[in-house]
Amino acid sequence: NAGVTQTPKFQVLKTGQSMTLQCAQDMNHNSMYWYRQDPGMGLRLIYYSASEGTTDKGEVPNGYNVSRLNKREFSLRLESAAPSQTSVYFCASSEEVDRPLHFGNGTRLTVT
Amino acid sequence: GEDVEQSLFLSVREGDSSVINCTYTDSSSTYLYWYKQEPGAGLQLLTYIFSNMDMKQDQRLTVLLNKKDKHLSLRIADTQTGDSAIYFCAESIDYKLSFGAGTTVTVRA
(Lines give C-alpha, C1' and ligand atoms only; values in the text may rest on other atoms or scores of the structure.)
Protein backbone atom coordinates (compact mmCIF):
# COMPACT_ATOMS: atom_id res chain seq x y z
CA ASN A 1 0.00 0.00 0.00
CA ALA A 2 2.04 2.95 -1.31
CA GLY A 3 -0.54 5.70 -0.60
CA VAL A 4 -0.04 8.67 -2.93
CA THR A 5 2.83 8.39 -5.42
CA GLN A 6 4.16 11.35 -7.39
CA THR A 7 6.60 11.35 -10.29
CA PRO A 8 9.08 12.77 -10.95
CA LYS A 9 10.64 13.78 -7.61
CA PHE A 10 12.74 16.54 -9.20
CA GLN A 11 12.56 18.39 -12.50
CA VAL A 12 14.34 21.33 -14.10
CA LEU A 13 12.69 23.05 -17.06
CA LYS A 14 13.59 25.97 -19.27
CA THR A 15 11.07 28.76 -19.70
CA GLY A 16 8.50 27.78 -22.31
CA GLN A 17 8.95 24.03 -21.98
CA SER A 18 6.02 21.80 -21.10
CA MET A 19 5.73 18.86 -18.77
CA THR A 20 3.21 16.68 -16.93
CA LEU A 21 3.40 15.80 -13.26
CA GLN A 22 1.95 12.40 -12.49
CA CYS A 23 0.04 11.33 -9.39
CA ALA A 24 -1.52 8.01 -8.47
CA GLN A 25 -3.24 6.78 -5.31
CA ASP A 26 -4.05 3.22 -4.29
CA MET A 27 -6.49 3.94 -1.47
CA ASN A 28 -9.64 3.95 -3.64
CA HIS A 29 -10.20 7.61 -2.81
CA ASN A 30 -12.75 9.59 -4.73
CA SER A 31 -11.20 13.05 -4.43
CA MET A 32 -7.78 14.21 -5.59
CA TYR A 33 -5.96 17.56 -5.40
CA TRP A 34 -2.92 19.46 -6.63
CA TYR A 35 -1.27 22.03 -4.37
CA ARG A 36 1.84 24.13 -4.72
CA GLN A 37 4.02 25.10 -1.77
CA ASP A 38 6.09 28.27 -1.74
CA PRO A 39 8.17 29.61 1.16
CA GLY A 40 6.11 31.57 3.68
CA MET A 41 2.84 30.97 1.79
CA GLY A 42 1.71 27.57 2.94
CA LEU A 43 -0.04 25.40 0.38
CA ARG A 44 -2.28 26.84 -2.30
CA LEU A 45 -4.79 24.75 -4.20
CA ILE A 46 -4.27 24.66 -7.97
CA TYR A 47 -6.98 22.24 -9.11
CA TYR A 48 -9.01 19.47 -7.58
CA SER A 49 -11.19 16.59 -8.67
CA ALA A 50 -14.05 15.86 -6.31
CA SER A 51 -14.79 12.58 -8.07
CA GLU A 52 -13.80 10.71 -11.21
CA GLY A 53 -14.91 12.66 -14.25
CA THR A 54 -14.93 16.10 -12.61
CA THR A 55 -12.27 18.77 -12.18
CA ASP A 56 -12.48 22.27 -10.74
CA LYS A 57 -10.22 25.27 -10.35
CA GLY A 58 -8.69 26.10 -7.03
CA GLU A 59 -7.04 29.26 -5.79
CA VAL A 60 -4.19 29.50 -8.36
CA PRO A 61 -5.14 27.64 -11.58
CA ASN A 62 -3.59 29.97 -14.17
CA GLY A 63 -0.87 28.30 -16.25
CA TYR A 64 -1.97 24.78 -15.37
CA ASN A 65 -4.28 22.08 -16.68
CA VAL A 66 -5.32 18.81 -15.11
CA SER A 67 -6.67 15.45 -16.18
CA ARG A 68 -8.44 12.91 -13.99
CA LEU A 69 -7.43 9.93 -16.04
CA ASN A 70 -9.30 7.41 -13.91
CA LYS A 71 -10.12 6.99 -10.23
CA ARG A 72 -6.47 6.37 -9.35
CA GLU A 73 -4.65 8.98 -11.42
CA PHE A 74 -4.70 12.78 -11.53
CA SER A 75 -2.09 14.59 -13.63
CA LEU A 76 -1.02 18.24 -13.68
CA ARG A 77 0.27 19.80 -16.91
CA LEU A 78 2.31 22.93 -17.43
CA GLU A 79 1.93 23.89 -21.09
CA SER A 80 4.52 26.68 -21.13
CA ALA A 81 6.56 26.81 -17.95
CA ALA A 82 7.44 30.16 -16.38
CA PRO A 83 9.95 30.96 -13.58
CA SER A 84 6.98 31.87 -11.34
CA GLN A 85 6.01 28.20 -11.45
CA THR A 86 9.18 27.20 -9.62
CA SER A 87 7.75 25.50 -6.57
CA VAL A 88 7.15 22.22 -4.78
CA TYR A 89 4.02 20.51 -6.07
CA PHE A 90 2.00 18.16 -3.88
CA CYS A 91 -0.70 15.78 -4.92
CA ALA A 92 -3.21 14.66 -2.30
CA SER A 93 -6.26 12.44 -2.10
CA SER A 94 -9.18 11.93 0.27
CA GLU A 95 -12.08 9.51 0.58
CA GLU A 96 -14.50 12.30 -0.22
CA VAL A 97 -14.33 16.07 -0.20
CA ASP A 98 -14.19 17.50 3.33
CA ARG A 99 -12.23 14.51 4.61
CA PRO A 100 -8.58 14.39 5.72
CA LEU A 101 -6.07 14.64 2.90
CA HIS A 102 -3.27 12.15 2.30
CA PHE A 103 -0.25 13.71 0.60
CA GLY A 104 2.45 12.47 -1.72
CA ASN A 105 6.09 13.38 -1.13
CA GLY A 106 6.10 16.19 -3.69
CA THR A 107 7.75 17.16 -6.96
CA ARG A 108 10.41 19.86 -6.78
CA LEU A 109 10.23 21.89 -9.98
CA THR A 110 12.69 24.58 -11.04
CA VAL A 111 12.03 26.72 -14.11
CA THR A 112 15.03 28.67 -15.38
CA GLY B 1 -3.54 30.50 2.90
CA GLU B 2 -4.40 34.13 3.69
CA ASP B 3 -7.54 32.98 5.54
CA VAL B 4 -5.53 31.05 8.09
CA GLU B 5 -2.80 32.72 10.13
CA GLN B 6 -0.02 31.19 12.19
CA SER B 7 3.15 32.48 13.75
CA LEU B 8 6.13 31.45 11.61
CA PHE B 9 8.61 30.18 14.20
CA LEU B 10 8.67 28.48 17.60
CA SER B 11 11.72 27.37 19.56
CA VAL B 12 11.22 25.00 22.48
CA ARG B 13 13.47 23.10 24.87
CA GLU B 14 13.39 19.32 24.74
CA GLY B 15 10.97 17.97 27.34
CA ASP B 16 8.91 21.17 27.52
CA SER B 17 5.45 21.62 26.03
CA SER B 18 5.00 23.31 22.66
CA VAL B 19 1.94 25.36 21.85
CA ILE B 20 1.25 26.32 18.25
CA ASN B 21 -1.52 28.81 17.62
CA CYS B 22 -3.70 29.44 14.59
CA THR B 23 -6.55 31.77 13.71
CA TYR B 24 -9.03 31.07 10.94
CA THR B 25 -11.78 33.06 9.33
CA ASP B 26 -14.65 30.84 8.23
CA SER B 27 -17.03 30.08 11.07
CA SER B 28 -18.75 27.47 8.91
CA SER B 29 -15.65 25.27 8.67
CA THR B 30 -16.69 21.74 9.54
CA TYR B 31 -13.26 20.37 10.32
CA LEU B 32 -9.97 21.95 11.39
CA TYR B 33 -6.72 20.12 10.86
CA TRP B 34 -3.12 19.98 11.98
CA TYR B 35 -0.51 18.62 9.58
CA LYS B 36 3.21 18.02 10.13
CA GLN B 37 5.87 18.32 7.43
CA GLU B 38 9.39 16.99 7.91
CA PRO B 39 12.21 18.13 5.59
CA GLY B 40 11.87 16.81 2.06
CA ALA B 41 8.58 15.08 2.76
CA GLY B 42 4.90 15.62 2.17
CA LEU B 43 2.40 16.64 4.80
CA GLN B 44 1.34 14.08 7.35
CA LEU B 45 -2.02 14.37 9.08
CA LEU B 46 -1.46 14.73 12.83
CA THR B 47 -4.96 15.24 14.11
CA TYR B 48 -8.20 17.02 13.36
CA ILE B 49 -11.17 18.31 15.29
CA PHE B 50 -14.80 18.59 14.33
CA SER B 51 -16.20 22.07 14.71
CA ASN B 52 -18.71 21.10 17.41
CA MET B 53 -15.90 20.00 19.74
CA ASP B 54 -13.87 22.17 22.12
CA MET B 55 -10.99 19.82 22.76
CA LYS B 56 -9.44 16.65 21.46
CA GLN B 57 -6.60 14.71 23.03
CA ASP B 58 -4.51 12.10 21.28
CA GLN B 59 -1.50 10.82 23.28
CA ARG B 60 0.93 13.78 23.47
CA LEU B 61 -1.25 16.00 21.32
CA THR B 62 -4.04 18.25 22.59
CA VAL B 63 -6.12 20.38 20.25
CA LEU B 64 -8.17 23.26 21.64
CA LEU B 65 -10.82 25.03 19.61
CA ASN B 66 -12.33 28.40 20.52
CA LYS B 67 -15.04 28.99 17.94
CA LYS B 68 -16.02 32.38 19.32
CA ASP B 69 -12.51 33.74 18.67
CA LYS B 70 -11.87 31.42 15.67
CA HIS B 71 -8.73 30.22 17.42
CA LEU B 72 -7.17 26.78 17.19
CA SER B 73 -4.15 25.55 19.10
CA LEU B 74 -2.00 22.44 19.14
CA ARG B 75 -0.16 21.49 22.30
CA ILE B 76 2.62 18.91 22.14
CA ALA B 77 3.54 17.55 25.56
CA ASP B 78 7.10 16.44 26.37
CA THR B 79 8.48 17.77 23.07
CA GLN B 80 11.16 15.57 21.50
CA THR B 81 13.79 16.24 18.84
CA GLY B 82 11.67 14.24 16.40
CA ASP B 83 8.97 16.87 16.76
CA SER B 84 11.13 19.41 14.91
CA ALA B 85 9.16 20.12 11.74
CA ILE B 86 6.79 22.57 10.11
CA TYR B 87 3.24 22.42 11.44
CA PHE B 88 0.32 23.54 9.30
CA CYS B 89 -3.12 24.51 10.46
CA ALA B 90 -5.91 24.08 7.88
CA GLU B 91 -9.60 24.84 7.76
CA SER B 92 -12.20 23.28 5.52
CA ILE B 93 -13.97 25.86 3.32
CA ASP B 94 -16.48 24.74 0.70
CA TYR B 95 -15.13 21.19 1.11
CA LYS B 96 -11.58 22.29 0.27
CA LEU B 97 -8.71 22.81 2.68
CA SER B 98 -7.14 26.23 3.15
CA PHE B 99 -3.72 26.13 4.82
CA GLY B 100 -1.79 28.55 6.95
CA ALA B 101 1.83 29.42 6.08
CA GLY B 102 3.14 26.92 8.64
CA THR B 103 4.97 27.21 11.98
CA THR B 104 8.56 25.96 12.01
CA VAL B 105 9.20 24.28 15.36
CA THR B 106 12.79 23.87 16.46
CA VAL B 107 13.53 21.67 19.46
CA ARG B 108 16.76 22.51 21.28
CA ALA B 109 18.55 20.27 23.75
Result for interface chain A to chain B, accessible surface buried in total, 1.4 Å probe, Å² to 100, stands at 1600
Here the convex hull volume per residue of the protein assembly as shown, taken over Cα atoms and given in Å³, is 118
With the charge dipole of the protein assembly as shown built from beta-carbon charges (+1 for Lys and Arg, -1 for Asp and Glu) about the Cα centre, the Cα from B:ASN66, B:ALA101, A:THR5 projecting farthest to the positive end belongs to A:THR5
Listed by chain and number, the residues whose amide H is under 5 Å from that of B:SER84, excluding neighbours fewer than 5 places away on the same chain and using placed H, are B:VAL107
Counting only residues 5 or more apart in sequence or on a different chain, those whose built amide H sits under 5 Å from that of A:LEU43 are B:PHE99
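Could I get the Rg over Rh figure for the stretch A:6-112? Both from C-alpha atoms, Rh via Kirkwood, rounded to two places.
0.94
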Site A:VAL12, offset 7 angstrom along Cα→Cβ, radius 19 Å on amide nitrogen, limited to the stretch A:86-112, gives A:86-89, A:107-112
The rounded separation in angstrom of the Cα centers of the stretch B:1-59 and the stretch A:84-112 is 19
Under 5 Å from the placed amide H of B:SER7, counting only residues 5+ away or on other chains, we find B:ASN21
The alpha-carbon pair-distance distribution computed for chain B, with 5 angstrom bins and whole-percent values, is 2, 13, 25, 26, 19, 10, 4, 1, 0
Karplus-derived 3J(HN,Hα) from phi for the stretch A:75-80 (6.51 cos²θ - 1.76 cosθ + 1.60, θ = phi - 60°), whole Hz, x at Gly and Pro, runs 9, 10, 10, 9, 6, 8
Between the alpha carbon centres of the stretch A:1-60 and the stretch B:84-107 the gap in Å comes to 18
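Kindly work out what percent of the DSSP beta bridges joining two residues of the protein assembly as shown are antiparallel, to the nearest 5.
Values: 71 of 80 bridges.
Around 90 percent of the beta bridges assigned by DSSP in the protein assembly as shown are antiparallel ones.
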Correct semi-axes for the stretch A:27-84, from √(5λ) of the alpha-carbon gyration tensor and rounded to whole Å with the largest first, are 21, 13, 9
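The values are calculated or read from the model by the stated rules, or taken from the named source; none is laboratory data. Here the structure is a predicted model, which is why all the values come from computation and not from measurement. A quick note on method: Cβ atoms are made from the backbone with ideal geometry, for glycine too, and the neighbour counts reach across all protein chains shown. Surface accessibility is based on the protein's heavy atoms, side chains included, excluding ligands, DNA and RNA. Shrake-Rupley method; radii C 1.70, N 1.55, O 1.52, S 1.80 Å.
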